[in-house]
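S.K.: I'd like to ask some things about the structure below.
The values are calculated or read from the model by the stated rules, or taken from the named source; none is laboratory data. The structure displayed is predicted, hence computed values, not measured ones. Positions of Cβ are backbone-derived with ideal geometry, glycine not excepted, and every protein chain shown enters the neighbour counts.
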């Protein structure tokens with residue numbers, strides 16, 4: 001009997017909340033039925049960015065206020081999705097809410113924090129909410145990230161071709177699929193994808209993203225800046241590994257380039273784009289050099305210049321998007337959290353120890369009743 005779940009996700013780009021209504025049968029993902037994107041209010045997004053950069057102290061009252069505000073935006077987004085699809089909330093089994101990550105340090109502090117009070121979301125929707133997906137994995141010694149590889153395996157793995165999946169959100173993460181065996185899957189965060197480019201264009205032009213990479217495409221690559229950024233030790237770490245805005249932000253760029261303020265801004269944007277490409281290619285060639293097909297998903301697929309540069313840097317690899325495999329690239333992450341919610345209600349593991357480094361597989365997330 002088919003079941004409906006909703007997944008809601010906001011990534012490190014913090015540019016909006018993607019929500020999908022998805023259909024499952026016997027725990028198997030079937031399709032995305034509807035998609036909606038919500039947005040943070042102009043005053044809320046900067047506060048979330050500041051918090052995730054760890055740049056400004058926040059009071060407990062301020063943290064609690066942000067938790068409530070994020071929950072309301074998530075609830076509003078899901079309600080808009082339901083209205084647009086003409087779906088009765090009572091027909092939805094559960095909502096998988098990732099929330100908004102504002103802190104992630106699995107190996108130092110050993111914690112991952114997401115805003116968006118799931119009890120408030122459940123109360124507003126009248127639908128059970130599954131949330132807090134990362135901390136069970138962290139408690140078992142894992143990174144709690146990336147969580148998408150287990151879903152990527154379910155969607156894209158095949159025995160007759162060595163594949164990889166690249167998610168281009170704020171952070172770039174790779175899933176390596178040497179075959180259809182889930183025990184062989186590996187995945188990790190490569191480094192920045194859109195987060196630095198988004199911050200840079202917002203700082204200079206007040207825009208939240210470089211539409212189609214047009215600004216970067218007008219710039220000239222700065223080899224010395226790129227070399228300074230590529231010297232970051234994170235890029236050379238072994239896997240598993242994970243990262244976020246706490247490391248990769250404009251303060252990180254400025255610390256490696258004392259003349260940043262005097263650079264031509266478009267040239268910096270071009271170099272930040274190349275940083276994303278180089279770190280992805282370096283990671284893929286080091287960890288899975290026999291890869292023949294790279295399936296790209298996430299908001300970065302809408303950056304035509306970035307996708308062009310990525311394809312040019314990997315001439316022996318077929319570079320395509322998740323859309324070529326039947327699922328809209330922007331829907332993959334949200335669909336993954338609908339799938340994880342389904343697995344939680346079925347009592348099935350949602351992590352892959354080969355990816356996160358956890359001691360064992362675990363059922364992820366807590367269930368919050370309306």
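S.K.: Filtering segment 334-355 down to residues that are at pLDDT below 95 and touching a strand residue (DSSP E or B) at 6+ places or on another chain (Cβ under 7 Å), which residue is surrounded by the most Cβ atoms within 10 Å (Cβ to Cβ)?
M.R.: Out of the qualifying residues, it is 355.
S.K.: Something else: Six or more apart or on different chains, Cβ atoms under 8 Å: show the pairs whose first residue is in segment 353-370 and under 20 Å from residue 189 (Cα atoms) and whose second is in a strand (DSSP E or B).
M.R.: Close Cβ pairs (under 8 Å, with a partner that is in a strand (DSSP E or B)) amount to 354/186; 355/175; 355/186; 355/187; 355/188.
S.K.: From (1) touching a strand residue (DSSP E or B) at 6+ places or on another chain (Cβ under 8 Å); (2) closer than 28 Å to residue 36 by Cβ, pick out the condition that doesn't hold for residue 291.
M.R.: (2)
S.K.: If you don't mind, there's one more thing I want to ask. Working carefully through the options 74, 133, 103, find the one that is part of a loop (DSSP other than H, G, I, E, B) and within 16 Å of residue 11 (Cα to Cα).
M.R.: 133
S.K.: Can you go through 85, 75, 71 and tell me which one is surrounded by fewer than 24 Cβ atoms within 10 Å (Cβ to Cβ), assigned by TED's automatic domain parsing to the domain that holds residue 339 and in contact (Cβ under 8 Å) with a residue 40 or more places away in the chain?
M.R.: None of the others qualify; the one that does is 85.
S.K.: Which one of 202, 232 is surrounded by fewer than 22 Cβ atoms within 10 Å (Cβ to Cβ) and modelled with pLDDT of 95 or more? Can you show your working first?
M.R.: On the way: 202 fails: modelled with pLDDT of 95 or more.
Among 202, 232, only 232 is surrounded by fewer than 22 Cβ atoms within 10 Å (Cβ to Cβ) and modelled with pLDDT of 95 or more.
S.K.: Given the criteria surrounded by fewer than 22 Cβ atoms within 10 Å (Cβ to Cβ) and in contact with a helix residue (DSSP H, G or I) (Cβ under 8 Å, 6 or more places away or on another chain), does residue 276 qualify?
M.R.: The answer is no for residue 276.
S.K.: Quick check: is even one residue across segment 315-324 buried (at least 20 other Cβ atoms within 10 Å of the Cβ) and at pLDDT below 95?
M.R.: No: zero hits.
S.K.: Another question about this same structure. Of the conditions (1) in contact with a strand residue (DSSP E or B) (Cβ under 8 Å, 6 or more places away or on another chain); (2) closer than 27 Å to residue 197 by Cα; (3) in a helix (DSSP H, G or I), residue 50 clears all except one; give me its number.
M.R.: (1)
S.K.: OK, next. Considering each residue of segment 241-265, count those that are in contact with a strand residue (DSSP E or B) (Cβ under 7 Å, 6 or more places away or on another chain) and exposed (fewer than 14 other Cβ atoms within 10 Å of the Cβ), and give that number.
M.R.: Of the residues in segment 241-265, 0 are in contact with a strand residue (DSSP E or B) (Cβ under 7 Å, 6 or more places away or on another chain) and exposed (fewer than 14 other Cβ atoms within 10 Å of the Cβ).
S.K.: Something else now. Quick check on residue 323: is it over 19 Å from the mean Cα position of the chain (by Cα), free of Cβ contacts under 8 Å to residues at least 60 places away in the same chain and more than 22 Å from residue 134 (Cβ to Cβ)?
M.R.: no
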